[in-house]
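Quick note: the coordinates plus some simple rules give every number you see, no bench work behind them. In this text the structure is predicted, and so the values were computed from the model without any measurement. Counting neighbours? That spans all protein chains shown, and the Cβs are built from the backbone with ideal geometry, glycine included.
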Amino acid sequence: MEINKKFLDNITDFIFPEDAPASADIIFIPGDGYPQMAERAARLWKQGYAPRILPSGRYSVLQGSFAGVKDKQEVYGDDYKTEWEFLCHVLTSHGVPREVILREEAATYTYENAIYSRQVTDHAGLTIRRGIICCKSFHARRCKMYYQLLYPETEFYLCPVQVQGIARDTWHQSREGIETVLGEAGRCAGQFREILLTGKYITGP
């Protein structure tokens, strides 16, 4: 069965948004066990795109503990209690000073990454006019949805990375890619539906 290319392109453009990096107030990293997001954030920091970085994450609510490093274990090891601890280690390993890394170590899913990151930046007295988000490429739409809800006046630049071999041009060619990308599309719709119906989101501390 031949699938209409325009239909695939519509899904791809929705799930895989990406921007060129631009000067910002902070770089956000939603929690995960992949180091590539923090590696890119470190590069962007070194290039002067933002003065601070905020990794966020305790561990997945589904796991109940840090699930472990998912790539490059030979480089970073696997002895971390939280996603934040792991991502902070990746950042400092790539030359980011500890003092420019903010701490959020409570979030257990993506929406909490955004909620608690907002609380951290408010507590620090930071006004975030522009923010960069370094996340997994197929996670970019959902990340932007949540962070934009919590930072409604902020302009975001999505600077994602490819992991798990799932790319915007080839995701529909493997079962894992199809399941992952369409799963993300379903979560975007289902979770935003709940937000609209219940009003359970905040725009401040």
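Observations
- Calculated [θ] (222 nm, deg cm²/dmol) that DSSP helices of n ≥ 4 give over the chain, each run adding -39,500 (n - 2.57): -13000 deg cm²/dmol
- Volume per residue for segment 84-205 equals 123 cubic angstrom (convex hull of Cα atoms).
- Across segment 5-198, the mean sequence separation of Cα contacts (distance under 8 Å, 6 or more residues apart), normalised by length, yields a relative contact order of 27 percent.
- Local electrostatic count, W84, Cβ distance below 10 Å [Lys/Arg +1, Asp/Glu -1]: -1
- Residue-span extension gain [N10 to E99] - 0.36 nm each, minus C-alpha spacing: 27.9 nm
- Close amide H partners of E155, meaning residues 5 or more places away or on another chain with modelled amide H under 5 Å apart, are R130, G131.
- Residue pairs exceeding 28 angstrom between C-alpha atoms, taken from K6/K72; K5/K70; K72/K144; K46/K136; K6/K144: K6/K72; K5/K70.
- Tensor-based shape of segment 5-198 (alpha-carbon gyration tensor, a/c under 1.5 rounded, otherwise prolate or oblate): rounded
- R0 of 22 Å, Cβ-Cβ distance A22-Q191: FRET efficiency to nearest 0.05: 0.20
- Local electrostatic count at R118 - Lys and Arg +1, Asp and Glu -1, tallied over other residues with Cβ under 11 Å: -3
- Within-9-Å neighbourhood charge of I15 [Cβ basis; K, R +1; D, E -1]: +1
- Overall dimensions of segment 1-68 as given by Cα atoms, namely Rg and Dmax in Å: 16.6, 50
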